[in-house]
1. Considering each of Pro51, Pro43 in turn, give the residue that is touching a helix residue (DSSP H, G or I) at 6+ places or on another chain (Cβ under 9 Å) and either among the small types (Gly, Ala, Ser) or surrounded by fewer than 14 Cβ atoms within 10 Å (Cβ to Cβ) (or both).
2. May I ask you to say which residue of Gly14, Gly97, Gly24, Gly93 is in contact with a helix residue (DSSP H, G or I) (Cβ under 7 Å, 6 or more places away or on another chain), at pLDDT below 95, surrounded by 13 or more Cβ atoms within 10 Å (Cβ to Cβ) and among the small types (Gly, Ala, Ser)?
3. Scan Val81, Val101, Val136, Val35 and give me the residue that is within 21 Å of Trp2 (Cβ to Cβ), among the aliphatic types (A, V, I, L, M) and in the same structural domain as Trp2 (by TED's automatic domain parsing).
4. Taking only pairs six or more apart or across chains, which ones have beta-carbon atoms under 6 Å, a first residue in segment 29-56 that is among the hydrophobic types (A, V, I, L, M, F, W, C), and a second residue that is surrounded by 10 or more Cβ atoms within 10 Å (Cβ to Cβ)?
5. Inside segment 64-102, can you point out the residues that are in a loop (DSSP other than H, G, I, E, B), free of Cβ contacts under 8 Å to residues at least 40 places away in the same chain and under 16 Å from the mean Cα position of the chain (by Cα)?
6. When residues of segment 111-124 are filtered for being of a type in the set (Lys, Arg) and at pLDDT below 90, how many remain?
7. Is it the case that some residue within segment 102-110 is in contact with a Cys (Cβ under 9 Å, 6 or more places away or on another chain), surrounded by 14 or more Cβ atoms within 10 Å (Cβ to Cβ), of a type in the set (Ser, Thr, Tyr) and modelled with pLDDT of 90 or more?
8. For Ser36, only one of the following conditions fails: (1) closer than 24 Å to Phe10 by Cβ; (2) among the small types (Gly, Ala, Ser); (3) in contact with a strand residue (DSSP E or B) (Cβ under 7 Å, 6 or more places away or on another chain). What is its number?
Amino acid sequence: MWSTRTWWMFRSVGFDNVVVLDGGWQKWTREDRPVSDTNTPYPAGNLSVNPRPEMWADKDDMLRIMNDGGACTLNSLAPDVYSGKVDNYGRAGHIPGSHNVFYGDLFDPDAGTFLPADDLSERFRASGSLEPGPVVIY
């Protein structure tokens with residue numbers, strides 16, 4: 001989960017040459033792939049940060065979306081958090097009008113990898129979150 005957040009953060013500042021290892025460290029080691037406990041030095045690089053403000057939504061954006069529509073808001077937390085039954089973040093519930101697709105339901109529980117693209121599409125479609133227009137994820 002956190003690797004996808006890091007991937008998005010890189011993309012939001014203009015760094016596109018980044019990918020996510022599907023299955024992560026757990027799958028890598030389960031498949032008995034090579035591992036090391038030494039640090040590997042890399043030459044210094046030049047990262048030019050080019051923020052992409054269109055990849056971010058602020059409070060005013062969210063208020064406009066809530067009032068006028070024009071975007072789908074998507075909550076990726078557990079259904080009990082989304083519904084307000086569990087309060088892990090100081091305020092129970094979700095942004096009005098948002099859809100819920102729990103990030104944990106996007107992975108194959110045995111393999112630890114993302115589900116196939118068709119299965120992912122169906123999960124998003126079933127939630128109503130494939131409406132036309134931008135999607136704001138929180």
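The values are calculated or read from the model by the stated rules, or taken from the named source; none is laboratory data. The model shown is predicted, which means the values in this text are computed figures rather than measured ones. All Cβ positions, even for glycine, are placed from backbone atoms using ideal geometry, and neighbour counts span all protein chains on display.
1. Pro51
2. Gly24
3. Result: Val35 is the single residue among Val81, Val101, Val136, Val35 that is within 21 Å of Trp2 (Cβ to Cβ), among the aliphatic types (A, V, I, L, M) and in the same structural domain as Trp2 (by TED's automatic domain parsing).
4. Taking only residues 6 or more apart or on different chains, the pairs are Val49/Val13; Met55/Ser12.
5. Leu77, Ala78, Val101, Phe102
6. Residues flagged as of a type in the set (Lys, Arg) and at pLDDT below 90 within segment 111-124 amount to 0.
7. no
8. It fails just one condition, (3).
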